[in-house]
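Everything below concerns the one structure shown next.
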Amino acid sequence: MEVRLAGPSECTGCGACAAACQEQAIAMIANDEGFLVPLINHKRCAVCKHCSTICPVLHPETIPEGNPVAMAAVCTDELIRHRSSSGGIFHLLAEEILQQGGAVAGAAWDPDMKLRHRLIRTRDELAPLLGSKYVQSRMDDIYPDIQELLSKHVPVLFCGTPCQTAGLKAFLGGDSPGLVCVDLACHGVPSPGIWRQYVKELSQQYRSALRSFSFRDKSTGWRRYSVQAEFDGKDPVSVPHTQDPYMWLFLKAMTLRPVCYTCPYRGLRRISDLTLADLWGAEKMAPELDDDQGVSLVLIQTEKGKALWSKVANRVRYHPADLTLVVKSNPRLVQSPDRPVARKTCFSLVGKQPFSEIVQRVLNETHHPSSGWWNMLKRRLGTR
C-alpha cells in the first residue's frame, strides 16, 4: 500500500508530514524549482499513513463562517513602528506573549541568509523576527519544539503564512489553548532556490558576503519603500523596490510556489486567531493614522485573538476598517494571482543563467523593450 501526500501542484511545503513521521522516513528536499517538497524513503516507511492523515491539504481544517472584526492600527511607539513593515502590531503581540513567560515563533535569517522559523524567549531576540521576508521559510524542524512548550503550558505565539499555520495545527492535531496563531496577507511564497541564486550573485557583485536584507525599508516612505542590502565591511546598498529584479519577479508572481496560484487559504475568514496585513488605501480609510510610515490591518478571527488584541490595544491607535474597502485595496487577501505565462521561462533558467539574464529574458516576454520602465531596470541591471 502506498502512502499518499499532496501532489506537486498542491503541496504547500509546510513540512508537517516530515516532522510527524516517527520513522524519520520523510525528508524535505529542494525540487527542480528550489521549493521544499517531501520525499519518502520507502525502505524506512512503516506505511502507518499518519503523514497522510495530518496533511493539511488532504484534510483541511474547517474555516469558521462569518466575517472577522477589522481594525486599522498603528503602534504608538514610533521606534517600533519604524522597525516594522507596516504599523508595528506584531512587535506588540510578541512582547505581550514574552512578558507572560511565553515563546514566539517567526521567520528569521540564518547566517548564510537562508530563511527558517525559530523560537525566541526574550525581547532581545525579537528583532530578527520583524519585517517582511519574501522567501518561503523552512518550518519542519520547529514543530516538535512548539509542541513540547505547549505540553509544558508555555504560551506560544506563532506567526507565518496561512499555509504554515495550517501545517502547525495539523501537526499538533488541532488547536491548543496556549497557542495563538497570527497569519499574514500573503501574495505567495517565492522559491528559496531563486533567492539563493540572488544572494550568491549579490555577494559576487559587491565582493562581500550578504549579511542582511530588508525587503521593506521605509526610509523612502511606506508606499515607495526600498530594498536594502548589507554586506560585510561595506555601507548598506538601497534601491527602490520597483528597480530591484528579485522584487519585480516576486510582485509579478513569477517565482511563486505552484499552489499559490490556487491557494485554498485566501479569504477574510482564516483558521488563525489574528491576521495582519498592510492597510493599503489607508489614505482613504484611515487618513488620521496615515503619515506614510505604515498602517496595519488587523483581522480579529477568534476569541483568543480578541483576548490578545485587548492586551496590546492601549499601545495602539486604531479604529474599525470597512471590509469591502479593505478587499478592494488588498485583493490578495481573498484572490490568488494569475499564473504568468513567463513563469516557465523564469524557472527553466534558474541555476543555468545569471540572475540578471533570467530577469531580462522574462522582461522580454512581458514588456516592450523600448518602454521607459524596461530602460530604467535595464540600467539598474547594468550596474551589477
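The values are calculated or read from the model by the stated rules, or taken from the named source; none is laboratory data. All values derive from a computational prediction rather than experimental measurement. Please note: Cβ atoms are built from the backbone with ideal geometry, for glycine as well, and neighbour counts cover all protein chains shown. The protein model used for the area step is the full one, side chains on, heavy atoms only, and it has no ligands, DNA or RNA in it. Shrake-Rupley method; radii C 1.70, N 1.55, O 1.52, S 1.80 Å.
Each of Leu129, Cys11, Cys21 was placed along the dipole of region 1-136 (beta-carbon charges, centred on the mean Cα), and the one lying farthest toward the positive end is Cys21. For the chain, the residue among Met71, Thr324, Tyr246 whose Cα projects farthest onto the positive side of the dipole built from Cβ charges is Tyr246. Taken about its Cα centre, region 1-83 carries a charge dipole of about 300 debye when Lys and Arg each add +1 at the Cβ and Asp and Glu each add -1 at the Cβ. Report the FRET efficiency, 1/(1 + (r/R0)^6), for Lys200 and Arg339, where r is their Cβ-Cβ distance and R0 is 35 Å, rounded to 0.05. FRET efficiency, Lys200 to Arg339: 0.85.
Here the sum of -39500 (n - 2.57) over DSSP H runs of 4 or more residues, divided by the residues of the chain, equals -8500 deg cm²/dmol at 222 nm, to the nearest 500. Between the residues Cys181, Ser356, Leu274, the greatest Cα displacement towards the positive end of the dipole of the chain, with unit charges on the Cβ of Lys, Arg, Asp and Glu, is found for Ser356.
Using the eigenvalues of the Cα gyration tensor, what equivalent ellipsoid semi-axes result for the chain when each is taken as the square root of five times the eigenvalue, whole Å, largest first?
Its equivalent ellipsoid spans semi-axes of 31, 28, 20 Å.
Once the gyration tensor of the Cα atoms in region 140-203 is diagonalised, the equivalent ellipsoid follows with semi-axes of 29, 14, 10 Å, ordered largest first. Legend: distances between Cα atoms for Lys152/Lys304; Lys43/Lys169; Lys114/Lys234; Lys114/Lys252; Lys218/Lys304; Lys133/Lys218; pairs beyond 24 Å are Lys43/Lys169; Lys218/Lys304.
Once the chain from Asp175 to His82 is taken as fully extended at 0.36 nm per residue, the excess over their C-alpha distance is 30.2 nm. Secondary structure note: in the chain, about 75% of the DSSP beta bridges are antiparallel. The mean of 1/r over all distinct Cα pairs in region 1-134, once inverted, gives the Kirkwood hydrodynamic radius of 18.0 Å. In whole percent, and with a 1.4 Å probe on the protein chains, what portion of the accessible area of the chain is carbon and sulfur? Here carbon and sulfur together make up 50 percent of the probe-accessible area.
Grab the beta carbon distance between Val327 and Asp32, set R0 = 35 Å, and tell me the FRET efficiency rounded to 0.05.
Numbers: r = 35 Å, r/R0 = 1.00.
With a Förster radius of 35 Å, E is 0.50.
With the simple model of a label 7 Å out from the Cα in the direction of the Cβ, Ser151 to Val237 spans 4.7 nm. The residues of the chain expose, per residue, 45 Å² of accessible area to a 1.4 Å probe.
Give me the distance between the Cα centres of region 315-355 and region 210-270, rounded to whole Å. Taking the Cα centre of each part, region 315-355 and region 210-270 sit 11 Å apart. Remark: the Cα gyration tensor places region 208-302 in the oblate category, a/c being 1.5 or greater and a/b not exceeding b/c. Each Lys and Arg adds +1 at its Cβ and each Asp and Glu adds -1 at its Cβ; summed about the Cα centre, region 78-143 shows a dipole of about 120 debye. The separation of region 1-49 from region 145-182, counted between C-alpha centres, amounts to 21 Å. Springs join every pair of Cα atoms under 10 Å in this Gaussian network model of the chain, and among His319, His117, His91 the largest mean-square fluctuation is at His319. Its Cα centre serving as origin, the chain has a Cβ charge dipole (Lys and Arg +1, Asp and Glu -1) of approximately 840 debye. Between Thr262 and Asp292, the modelled label-to-label distance comes to 4.2 nm, taking each label 7 Å out from Cα in the direction of the beta carbon.
Antiparallel beta bridges, as assigned by DSSP with both residues in region 1-158, represent about 75 percent of the total such bridges.
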